[in-house]
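For reference, the structure discussed in these notes is given below.
Only the coordinates and a few stated rules stand behind these numbers; no lab work does. Owing to the predicted nature of the structure, the values given are computational and were not obtained by experimental measurement. We place every Cβ from the backbone using ideal geometry, glycine too, and count neighbours over all the protein chains shown.
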Amino acid sequence: MQRQKKIAGYEHPIARTKLYDVPAIEKARDLILKDPVSHIHIPMLADKVGINEFKLKVGFRELFQTSPYQYRLHLCLERAKVLLEETDDTIDQIASRVGFDTYNGFSTAFKKAYGYAPTEYRNRQTA
């Protein structure tokens, strides 16, 4: 059985991630937070923060309870919700602004995350 380590500021203990890899994983999260719309691929992200891909994926999941991709997707969709509520931009414009190439891809991801299509979500906010 692996020994678990508790890190200050994190709710869940880590087992597979080395303490010296934590700063690189946090830096990866910060890069995603800074620009969630850009499609930075895992190998590029790992290279930028100086850690290998496997360690990044495992560590990210241990520290943040999600994958780097899902983390970025969540940020983009949360931004989309705000844009749907606060702007009159078309769904297509919003999809593009939050990093989706197609309306269909955006609509599918939004519906999967929130249970409503973007148009339906917007209509519920104005009703």
If you average over every viewing direction, what projected area does the convex hull of the Cα atoms of segment 19-65 give, in nm²? 2.9
Point-to-point label distance, Tyr116-Ser96, nm (Cα→Cβ direction, 7 Å offset): 2.5
Among Tyr71, Tyr103, Tyr116, rank each residue by its count of other Cβ atoms within 10 Å, from fewest to most, as a rough exposure measure. Tyr116, Tyr103, Tyr71
Which whole-number percent is the relative contact order of the chain (Cα, under 8 Å, 6+ apart)? 20
Rounded to whole angstrom, the alpha-carbon centroid of segment 1-79 lies from that of segment 108-127 at a distance of 28
Going by how many other beta carbons lie within 10 Å of each one, how would you line up Val37, Val49, fewest first? Val37, Val49
Using the number of other C-beta atoms within 10 angstrom as an exposure proxy, rank Thr102, Thr17 with the fewest first. Thr102, Thr17
How much net charge surrounds Asn52 when only the other residues with a Cβ under 12 Å from the Cβ of Asn52 are counted, with Lys and Arg +1 and Asp and Glu -1? 0
Counting only helical runs of four or more DSSP H residues, what would the 222 nm mean residue ellipticity of the chain come to if each run contributes -39,500 (n - 2.57) and the total is spread over all its residues? -19500 deg cm²/dmol
With charges set only on the Cβ (+1 for Lys and Arg, -1 for Asp and Glu), what does the dipole of segment 73-126 come to about its Cα centre, in debye to the nearest 20? 220
Within-12-Å neighbourhood charge of Val82 [Cβ basis; K, R +1; D, E -1]: 0
Starting at the first residue of segment 4-16, write each ³J(HN,Hα) from the Karplus equation 6.51 cos²θ - 1.76 cosθ + 1.60 with θ = phi - 60°, in whole Hz, x for Gly and Pro. 9, 10, 9, 10, 4, x, 10, 6, 9, x, 10, 10, 9
In debye, nearest 20, what is the charge dipole magnitude of the chain about its Cα centre with +1 on Lys and Arg Cβ and -1 on Asp and Glu Cβ, if you could check? 720
Charge dipole of the chain built from unit charges on the beta carbon (Lys, Arg +1; Asp, Glu -1), centred at mean Cα; most positive-end Cα among Pro36, Gly50, Leu77 is Gly50
Taking H as built 1.01 Å from N, whose amide H comes closer than 5 Å to the amide H of Lys5, not counting residues under 5 places away? Ile14, Ala15
With volume of the Cα convex hull per residue in Å³ defined as stated, name the option among [x] 136; [y] 110; [z] 127 computed from the structure displayed. [z]
